[in-house]
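Structure first, commentary second.
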Amino acid sequence: MPTVAAGAAGVLTGTYSYKFSFAQMSGSIVFSESPIFGPTANVTVASQKIGLSAIPVSTDASCNARRLYRTASNGSVYFLVDTIGDNATTTYTDNTADAGLATTAAPTDLGNPAGTTGATNLM
């Protein structure tokens, strides 16, 4: 599970938590996505950035991205905050205001795509 910590000055104020998934993507098209893992420990910040470290990588060679989900300030619903476009980077700095989050809440259970078991292989 990723580690979260308050960072340098930024736009985030409140308490936040993160989840992530492994994905197989081409550009912005998601072909398969693993179940969502998490949540991380909560982190409380005041006009700061949040640093994530020790973001897991997949052992599956077809995984070429990780998707990060975050709550809005003091919230409990997760929204896509960003996609890490590789399967090697293990750190991320979040300075995305709540208004910059995806407008649709993340699914609570992605499961596997219909007729496949591919998403579970990304883990």
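The values are calculated or read from the model by the stated rules, or taken from the named source; none is laboratory data. The shown structure was predicted, so the numbers you read here are calculated from the model rather than taken from an experiment. Reconstructed Cβ throughout: ideal geometry from the backbone, glycine too, with neighbour counts over all protein chains shown. Accessible surface is based on the protein model in full, side chains and every heavy atom, while ligands, DNA and RNA are left aside. Shrake-Rupley method; radii C 1.70, N 1.55, O 1.52, S 1.80 Å.
The Cβ shell under 15 Å around residue 91 holds other residues with a net charge of -1, Lys and Arg each +1, Asp and Glu each -1. Placing a label point 7 Å from the Cα of residue 15 along the Cα-to-Cβ direction, the residues of the range 62-94 whose backbone N falls under 11 Å of that point are 74-76.
Sorting the Cα pairs of the chain by distance into bins of 10 Å, from 0 upward, gives 14, 46, 31, 8, 1 percent per bin.
The phi-based Karplus calculation (6.51 cos²θ - 1.76 cosθ + 1.60; θ = phi - 60°) puts the 3J(HN,Hα) values of the range 6-18 at 5, x, 5, 4, x, 9, 7, 9, x, 10, 10, 9, 10 Hz, whole numbers, x for Gly and Pro.
The 3J(HN,Hα) values that the Karplus relation (6.51, -1.76, 1.60; θ = phi - 60°) gives for the range 95-105 are, in residue order, 9, 9, 4, 3, 5, x, 6, 3, 8, 10, 5 Hz. Gly and Pro appear as x. Here the chain exposes an accessible surface that is 54 percent carbon and sulfur, computed with a 1.4 Å probe and the other protein chains kept in place.
The per residue volume of the convex hull around the alpha-carbon atoms of the range 31-96 is 99 Å³.
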